[in-house]
1. Using the crude model of +1 on Lys and Arg Cβ and -1 on Asp and Glu Cβ, and no other charge, please compute the dipole size for the range 30-119 relative to its Cα centre, in debye to 20.
2. Work from the charge dipole of the range 355-415 (Cβ charges, +1 for Lys and Arg, -1 for Asp and Glu, about the Cα centre) and give the residue of Val395, Leu361, Gly412 farthest towards its positive end.
3. Would you grab the residues whose amide H sits under 5 Å from the one on Ala79? Only those 5+ places off in sequence or on another chain, please, with H modelled 1.01 Å from N.
4. Given contacts defined as C-alpha pairs under 8 Å and at least six residues apart, what's the relative contact order of the chain, whole-number percent?
5. Go ahead and estimate [θ] at 222 nm for the chain from helices alone: -39,500 (n - 2.57) per DSSP H run with n ≥ 4, summed, over the residue count, rounded to 500.
6. Which order do Ile316, Ile354 take when ranked by solvent-accessible area (1.4 Å probe, heavy atoms of all protein chains), largest first?
7. Tabulate in residue order the Karplus-calculated ³J(HN,Hα) for the range 302-308, using 6.51 cos²θ - 1.76 cosθ + 1.60 with θ = phi - 60°, rounded to whole Hz; enter x for Gly and Pro.
8. Holding the Cα-Cα limit at 21 Å, pick out from Lys269/Lys317; Lys269/Lys467; Lys76/Lys142; Lys76/Lys467; Lys52/Lys142; Lys317/Lys449 the pairs that are longer than that.
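The values are calculated or read from the model by the stated rules, or taken from the named source; none is laboratory data. Just so we're clear, the structure is a prediction, and the values are computed from it rather than from any experiment. Cβ placement follows ideal geometry from the backbone for every residue including glycine, while neighbour counts extend to all protein chains displayed. The protein model used for the area step is the full one, side chains on, heavy atoms only, and it has no ligands, DNA or RNA in it. Shrake-Rupley method; radii C 1.70, N 1.55, O 1.52, S 1.80 Å.
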Amino acid sequence: MDRTPLSALLRRHAERAPHEPAISDDRGTLTWLELERRTNRAARALIAAGVKPDDLVTIALPNGTDFLEACFAIWKAGATPQPVSSRLPRVEIDAIVDLARSATVIALPGCEVSRPTLAYADLLAREGDDRPLPDLVARCWKAPTSGGSTGRPKLILATQAAYADPANAGAWRLAPDQVALMPGPLYHNAPFVMAVSAMTVGAHLVIMPRFDAEGVLAALDRHGATWVYLVPTMMSRIWRLEEAVKARYDVSSLTTLWHLAAPCPPWLKEAWINWLGPDVVWEIYAATEGLAGTVISGSEWLEHRGSVGRVFAGEIKICDDDGCEVPPGVIGEVFMRAAGGASAYAYVGATADIRDGWQSLGDMGHFDGDGYLYLADRRADMILVGGSNVYPAEVEAALEEHPRVRSCAVVGLPDEDLGSRIHAIVEPADGLDEAALRAFVAGRLAAYKRPRTYEMVRRPLRDSAGKVRRAQLRDERLAHGDKAR
């Protein structure tokens, strides 16, 4: 495919394969021609509503075809989609749309925010002209949000213009004859980029309204899906299904599984490799900022257990506290820069931590002698226990290996003797016994890494994208007098 504006992409596919399935959700399927015509109407309605080239338009819609239809309508209007969760409380979404100075917000009926709001169905109802529009190209193709570990919103504006990127789509192992299943939330950057990449190559994209462990297997079977995006939390919940449930569905069509967004416990990754085969399971480590990244296949991972791969884009180095690069095998802070030192993004609402052209996103890790990167954890989440560094992700991986731990988060709380003590917050399955869990962890972690206190909760600790805000969990417990002693 040549350099195609995203505003022209659907028209190209509609000319090539007008009646082939383009996108599906739980309500049905749209062909490329239907999608092209509907988004032409919606784009005209946005322009009539005052949206101008290079405006940001916030999308606060749940997973479904409407979400991506809205994106393509925005690109056709020459503007930039700015996706957010449809479940955000008003105070949070107001903070984001104020940062974005959004021209309008496309949301569910009844959504109340500080900017003009339209439902997607209303856009279609306002305009009947479905003819092609002139090809417009926004200077910024996406503007996702990220709160990081602080929870304070910031916008990450891509510096790339709104063109389809077939090379990027090919790197995701996507092709026109494939069926791509997306159970991840489209307002998060990785699911968003992967969904657009699937549409870029002309694959059939199937969107799940929300993640459901058995539902993923059923969708893989029903659609004969060849490609799927998951995060480790999703992988864990699917893996913990009863064997009889997993055996009910045929997933043999699957040729590519991508996982990212959070550390994957080695035992879980190995289980999936054994289930699907090493050539199917792939992992990428990158950030919304798009500075650099690593990639690893299942076959490579078996030889470099625990690694997130070798650098495939940009540059990565590991530095000590003084900013000096450390040799292989030594843990330090991960710094990245885009190829050639080019700027890949611009923040709105935050200032980047850039040192001599290199940026840290807060991760700790090390390279081995073969150039494979291993992550330890985020610097802000590291716990100092009696002078020893403890990385919560390692403790969480040991906890989550227990079959009756649904999810968990590990934080450091003040301790008069050790400085900090490790506190485990656990979402248990029925029948989890704390004493048995302690014994289980004792067989997997050194004594100083084991949680000294446990807290059982009845809610998931990771969001739909597999992210956990440890700093927020810690602050909540400190604000309530640390009752978990």
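1. With Lys and Arg at +1 and Asp and Glu at -1, about 220 debye.
2. Gly412
3. Here the answer is Asp54, since their amide H atoms fall under 5 Å of that of Ala79.
4. 11
5. Values: 15 runs with 145 residues, N = 485.
It comes out at -8500 deg cm²/dmol, rounded to the nearest 500.
6. Ranked list, largest accessible area first: Ile354, Ile316.
7. So the Karplus estimates, Gly and Pro as x, are 4, 8, 9, 4, x, 7, 9 Hz.
8. Lys269/Lys317; Lys76/Lys467; Lys317/Lys449
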